[in-house]
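Reading through the structure tokens given below for one structure.
The values are calculated or read from the model by the stated rules, or taken from the named source; none is laboratory data. Quick caveat, the model's predicted, so the values are computed rather than measured. Reconstructed Cβ throughout: ideal geometry from the backbone, glycine too, with neighbour counts over all protein chains shown. Accessible surface areas use protein heavy atoms only, side chains included; no ligands, DNA or RNA. Shrake-Rupley method; radii C 1.70, N 1.55, O 1.52, S 1.80 Å.
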Amino acid sequence: IAALTSLGSLYLYNNALTGSIPSEIGALTSLTKINLENNVLTGSIPSEIGALTSLTDLSLYGNDLTGPIPSEISALTSMTDLNLANNDLT
């Protein structure tokens, strides 16, 4: 997926995906929208998400994500919608 550098939107919600969000997601610098809602994703949100400076919408709602919300998210100044609810984030 890291080779899809022109990808603008990534919608993989409601798919029962397991595992962690790969750090390679940070290479998809054209992304404006990510929706990974209602899967079974575990682990932490990768700090590399901070490289997605065009990101306006990020929804990770309804997974099993843990750990702190990466401080790098605060650098995403184009972000208008952020949904991290129903996880176990700190």
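The label-point distance for A16 and T56, in a model that sets each label 7 Å from Cα toward Cβ, rounds to 3.4 nm. For the chain, a simple Cβ point-charge model (Lys and Arg +1, Asp and Glu -1, everything else neutral) yields a dipole of about 120 debye relative to the Cα centre.
Heavy atoms only, probe 1.4 angstrom, no DNA, RNA or ligands counted: give me Y11, Y61 ranked by accessible area, highest first. Let's see the in-between values first.
Working: Y11 120, Y61 75 Å².
Largest accessible area first, the residues go Y11, Y61.
Using heavy atoms of the protein chains and a probe of 1.4 Å, the accessible area assigned to L89 is about 40 Å².
So, counting K/R as plus one and D/E as minus one, what does the shell of residues with Cβ under 14 Å around T80 add up to?
Details: positive: K33; negative: D57, D81.
Surrounding charge for T80 is -1.
Matching the structure-derived percent of Cα pairs over 23 Å apart against the labelled list (1) 25; (2) 45; (3) 12 gives the label (3).
Order L17, L28 by their accessible area, 1.4 angstrom probe, all chains in place, largest first. Write out the running numbers ahead of the final one.
On the way: L17 60, L28 0 Å².
Order by accessible area, largest first: L17, L28.
Report, in whole Å, the centroid distance computed from the Cα atoms of segment 19-56 and segment 61-77. After rounding, the separation between the Cα centres reads 9 Å.
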